[in-house]
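K.L.:
This is the structure I have questions about; it appears just below.
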Amino acid sequence: MSERINFKYQGRIDTLKGKKKLQTLEKIKVEGLLDEDDYGRVVPPKDHWNSISNHPDGSFYGLDGWTNNFCDLMEHHPVYVDPNDAFAGRWMYFMSRMRSNKWNPDYPYDHLKPNQSKYDIISGIGDDAHFSPDYQMGVQLGWQGLLDKIEHFRTINNSPEQIAFYNAHERAILSIQSWIKNHIVAIEHLIDIETNPELQQNLREMAEVNRNILSAPPKTLREACQWIIWYHLASRTYNRDGAGGQIDTLLQPFFEKDLAENRIDAAKAVYYLACFLINDPIYWQLGGPDENGKDQTSEISYLILEAADKINTSLNITVRVHDGMDQQLFRKSIEYLVKNKNAWPRFSGDKALVSGFMKNGFDAATARKRIAVGCNWMSLPGMEYTMNDLVKVNMAKVFEVAYNEMLAEKNSEKSTKNLWTLFENHLKIAVDTAAQGIRHQLKYQKYNEPELILNLLSHGPLEKGLDVSDGGAEFYNLAIDGAGLGIVADSFAALEQRIELEKKTSWDEVNFHLQSNFEEVNGERIRLLLRNSEHFGHGNTLGDSWALKISTTFSEMVLEESNPQLRQLFIPGLFSWANTIGFGLNVGATPNGRKALQPITHGANPVPGFAVDGASLSLANAIALVQPGYGNTAPMQWELDPTLATGDHIDLIGSIIKVHFEKGGTLINVNIMDKSEILAAHNDPSKYPDLVVRVTGFTAYFSMLTPEFRQLVVDRILES
Amino acid sequence: MNGQITHIQRMSTHDGPGIRSTIFLKGCNLQCKWCHNPETFSSKPELEWLSDKCISCQTCLLVCPSEALSLQNGKVAFEKSLCTACFNCVDVCFPEAIQKIGREISPEELFAEVEQDFSFFRESNGGITFSGGEPMLQLEFVKETLRLFRQAGIHTAIETNLNVPWSWYEQVLPEVDFVMADLKLVDDHIHHNWTGASNRQILQNIINLDHSGKTYILRTPIVPGVNDSQEQLEPIFEFVSRLKNIQKYELLPFHPLAASKYKNLGIPNPFEANLCIPASKLKEFDELLIKYKKDNHERKNKL
């Protein structure tokens, strides 16, 4: 399609890209390194705004605390307008990180802390967002429509608490409108001083777009994009919400209306979409089936890919792969992946996600609506509260607890059978502890951090006068992820193979070297014996058997926490996000030959270097094998060999993606990184300001990562 | 009948169409001095010594009956000529610095090992490829194994040097979808010097293959000092131009990537000092090939 477009906006796009590069450098300079998404955020002016405390501990909590802070910030928020951009606004403030404490101490969970610490559980208590709004609702209603909705339900649900709830949401919308107005004033000022006629005209149109959507819902593609940006920037500012939606179907009606009314051509659409995408690397899904299974690809799906190619920055676009998909879109998406080697797009596997989610009792139509809109996660836009990607059990730590207990009991038989029993017991306690943490959040989060902005585009909170965390949502599909699968599977396999089957070493010898971190005499030899045992990932190995057993057991334990009476469904996944280093720092040497404090394995991935050759196929097989299978993901983090990533191999890469999904895979994140380039960038990141890596589910500028995390990414790529 | 293989390379993309598993068989009846798979020269299992993996724990010295392994300047050293191939050392070398190259495998075991990748083969129109070494030297094993894969609907290919009697191919080709072979040199004397064998059978087999109706491609490895000259290449191009049914003919540049293999196996490497063929030179040969094809086409048209 790109060949047919006479794209006259490249100069503006280049200017925006250049500016973004400078903004990234400034972020590093002012705020330091960060193992997180780029977010498209820019540094706010120094000391421009500070949060307002409403608690003796100096933090702010509850409906009043959050509403007052949000409205005050919106009132004082700096404006951001660039004449080269199609849209106004940029994200600047991390309001949720401007607190001294993220959980209201009036609602303690001290009873959970011992086990959270013992099993190294990330509880998610006090964490926010991580479910998706329904943008469709937003672009249909506009700000005034949302105000009208509040007004309507305030007359129905009129307890004092509910009145306060509605008033808070009303104030939030009014403050967002005031923020937009401030931008309109700024745009009008720029119109007066802009000397370039084309950019001046662009600013005039930008001002008109913003005036049009100040109250009314958007009517054009540009208005729809700008509306989504305002909502999203408000939500990002409030609590970092980064969820996207089905971007092509969301924008398609506006694009087609513009086309029919001769308001737009493909080039202009690509320009708008490029500006839309550079604003923030939100998790958008592209393609995939509608609720009846029919593919949703349209012309704008291609234009979105093309716009992404034009900016080619940090992007989080996911292409949904299913049987009836548009093969041309699939191929095009791989072409861009290979051409740019910038870790986008990602790929989401419809078959296993839909069939897995249906196992929870949902019908196919609902399951198909659950789309890839987060780092590793799926969501029914506007319909569920999930705590996706917030709650994690470090299974490597659970293993360590079990292993130490077995060794401490003098009369206990030392065997993998006994170790497994102990591991199961402790994993059960760990999963239950994680679930109890989620229940605590559901009970008290409204007093800690109500979801003021996400409530607006959710189905239920405004209708019921209840926060989305407090019964307002339609569904509570609560995520618990397991981390460190590869470490645990390989540890069990190494013990079974080397001690029990081959008798090449003994429990005492392994234990001695674990305690000394393999640093005593003969330690390295034993470490290598253990490390070279039958890995998870190599196919039909002991490690594969253990990995499957661990994943299945973990999944069953998570599912058992569900309570239909309370509408609480717990769904298992395998994901570690960027916690691989932190989790590793809490675990000593492990029997798979891993030294103490080294990172744990990434998500469902095997230990790096697990396969001598054919690693791509091994990975695709292995990760499909261990899928929990209930609609949440266990992503395949794929470090694709750059020698394979050429234009000649588009179909081969496509084959691997399709087969992984056919075998049960759910999500593929891909890096294509030249080994010498990543080493050079690690050595001097400042020389590679444009280098983007897909760290886990998210992409980040390599130069923004901490040295520890850069090392992790480098090791992963070198050993792939 | 069991076979002797060195290894199974998964995700192979250069040994036929699609995603393939290439099975490298042990033993070859040519000894090309530039070969990049020297571990397949011998049909018997042998030791490979990966010095960079050795941690000098010296455990191997305790079990070596022949002093092939010894301590030199605090480091373990390997002398291939003294090795009796008992493989005692392999079992005690936990860092896997000493590895046994070559393992016996049955057709059923091989099938089972490769089976995990069938979905990738089917999706990409790939399959399996027998390579080597010379797979045709293990005729019965290859025949039986190919049959198993064919029965499972898997695309099959062989990479062969064509240096066995045509009657052997007649037994195997019904189970083969695709053939890859080299045309290294046309001059028989020079061919003998570099490979240790005459090429008469090879050239005749290429013609037979051309008449067989089987899909095949030919490649010429461009090797420095062997055939990287117009003098050697023109007769090759001339020969190829007479083939009627060849699917593809290509020039492959010599690469020195096998240097470490020679070192690890303790085999002298005659091409140790050679570098890659420069891209510019390869381009010259490609242009020569194009010119030859064009001239030949015009010549045929005149006739």
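K.L.:
Suppose we keep only residues that are assigned to a loop (DSSP other than H, G, I, E, B) and at pLDDT below 95 within region A:632-657. Which one would you say is farthest from the other protein chains (Cβ to nearest Cβ)?
P.N.:
Step by step, filter region A:632-657, then rank; the result is A:P642.
K.L.:
Please list, ordered by first then second residue, the pairs with beta carbon atoms under 8 Å, 6 or more apart or interchain, first in region B:160-171 and outside the structural domain of B:E144 (by TED's automatic domain parsing), second part of a helix (DSSP H, G or I) and aliphatic (A, V, I, L, M).
P.N.:
Partner pairs satisfying both residue conditions: none exist.
K.L.:
Considering only residues that are β-branched (V, I, T), surrounded by 18 or more Cβ atoms within 10 Å (Cβ to Cβ) and outside any loop (DSSP other than H, G, I, E, B), look in region A:515-552 and name the one that is nearest to the other protein chains (Cβ to nearest Cβ).
P.N.:
Across region A:515-552, the extreme among qualifying residues is A:I526.
K.L.:
Please work out which residue is modelled with the lowest pLDDT, limiting yourself to region A:190-242 and to residues that are among the small types (G, A, S) and surrounded by 19 or more Cβ atoms within 10 Å (Cβ to Cβ).
P.N.:
The extreme case among them is A:G242.
K.L.:
If A:F512 satisfies every condition in (1) surrounded by fewer than 20 Cβ atoms within 10 Å (Cβ to Cβ); (2) under 17 Å from A:A622 (Cβ atoms); (3) touching a helix residue (DSSP H, G or I) at 6+ places or on another chain (Cβ under 9 Å) but one, which is the exception?
P.N.:
(2)
K.L.:
Take region A:659-670 and flag every residue that is crowded, with 23+ Cβ neighbours inside 10 Å and within 11 Å of another protein chain (Cβ to nearest Cβ).
P.N.:
Those that are crowded, with 23+ Cβ neighbours inside 10 Å and within 11 Å of another protein chain (Cβ to nearest Cβ): A:V659, A:H660, A:F661.
K.L.:
Can you name the number of the only condition in (1) assigned to a loop (DSSP other than H, G, I, E, B); (2) in contact (Cβ under 8 Å) with a residue 12 or more places away in the chain that A:L422 fails?
P.N.:
(1)
K.L.:
Take the residues in region B:59-68 that are touching a strand residue (DSSP E or B) at 6+ places or on another chain (Cβ under 7 Å) and at pLDDT 95 or above; name whichever of them is nearest to the other protein chains (Cβ to nearest Cβ).
P.N.:
Checking each candidate, the answer is B:C60.
K.L.:
Test of understanding: among A:F610, A:F698, A:F702, A:F709, which residue is within 14 Å of chain B (Cβ to nearest Cβ) and not β-branched (V, I, T)?
P.N.:
Criteria check complete, one pass: A:F610.
K.L.:
Are there helices (runs of 4 or more DSSP H) fully within region A:235-311 with at least 2 residues that are in contact with a helix residue (DSSP H, G or I) (Cβ under 9 Å, 6 or more places away or on another chain) and over 25 Å from A:G18 (Cβ atoms)? List them.
P.N.:
A:247-260, A:299-311
K.L.:
Here's a follow-up. I'm trying to understand the selection: among the residues of region A:562-609, which are in a loop (DSSP other than H, G, I, E, B), more than 24 Å from the chain's Cα centre (by Cα) and more than 24 Å from A:G523 (Cβ to Cβ)?
P.N.:
Within region A:562-609, just A:R567 meets the criteria.
K.L.:
Regarding region A:380-387, can at least one residue be identified that is in a helix (DSSP H, G or I) and touching a Gly at 6+ places or on another chain (Cβ under 9 Å)?
P.N.:
Checked against the condition, which is being in a helix (DSSP H, G or I) and touching a Gly at 6+ places or on another chain (Cβ under 9 Å), region A:380-387 yields no hits at all.
K.L.:
Would you mind telling me which numbered condition in (1) surrounded by fewer than 19 Cβ atoms within 10 Å (Cβ to Cβ); (2) within 11 Å of another protein chain (Cβ to nearest Cβ); (3) more than 18 Å from A:L329 (Cα to Cα) A:E677 fails?
P.N.:
Unmet for A:E677, out of (1) surrounded by fewer than 19 Cβ atoms within 10 Å (Cβ to Cβ); (2) within 11 Å of another protein chain (Cβ to nearest Cβ); (3) more than 18 Å from A:L329 (Cα to Cα): (2).
K.L.:
Quick one: which of B:V164, B:V142 is surrounded by fewer than 20 Cβ atoms within 10 Å (Cβ to Cβ) and either of a type in the set (V, I, T) or assigned to a strand (DSSP E or B) (or both)?
P.N.:
Going through B:V164, B:V142 in turn, the sole match is B:V164.
K.L.:
Related question: Could you tell me which of the residues A:S355, A:S314 is among the polar types (S, T, N, Q) and not in a loop (DSSP other than H, G, I, E, B)?
P.N.:
Matching residue, one of A:S355, A:S314: A:S355.
K.L.:
Of all residues in region B:201-235, count the ones that are assigned to a helix (DSSP H, G or I) and within 20 Å of the chain's Cα centre (by Cα).
P.N.:
Count: 6.
K.L.:
Of the conditions (1) within 18 Å of A:T237 (Cα to Cα); (2) charged (D, E, K, R); (3) surrounded by fewer than 16 Cβ atoms within 10 Å (Cβ to Cβ), A:D57 clears all except one; give me its number.
P.N.:
Result: A:D57 passes all but (1).
K.L.:
Tell me, yes or no, whether region A:633-651 has at least one residue that is of a type in the set (F, W, Y), touching a residue at least 60 places away in the same chain (Cβ under 8 Å) and either out of contact with any strand residue (DSSP E or B) (no Cβ under 9 Å at 6 or more places or on another chain) or over 30 Å from A:L407 (Cα atoms) (or both).
P.N.:
No, that holds for no residue.
K.L.:
On the basis of being in a helix (DSSP H, G or I) and in contact (Cβ under 8 Å) with a residue 24 or more places away in the chain, does B:E109 make the cut?
P.N.:
Spelling it out, it is not the case that B:E109 is in a helix (DSSP H, G or I) and in contact (Cβ under 8 Å) with a residue 24 or more places away in the chain.
Conditions (1) crowded, with 16+ Cβ neighbours inside 10 Å; (2) modelled with pLDDT of 95 or more; (3) among the hydrophobic types (A, V, I, L, M, F, W, C), marked per residue:
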| position | (1), (2), (3) |
| --- | --- |
| A:Y9 | yes, yes, no |
| A:K21 | no, no, no |
| A:I28 | yes, no, yes |
| A:D37 | yes, no, no |
| A:T67 | yes, yes, no |
| A:L73 | yes, yes, yes |
| A:P83 | yes, yes, no |
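The values are calculated or read from the model by the stated rules, or taken from the named source; none is laboratory data. Please read these numbers as outputs of a predicted model, since none were measured by experiment. We place every Cβ from the backbone using ideal geometry, glycine too, and count neighbours over all the protein chains shown.
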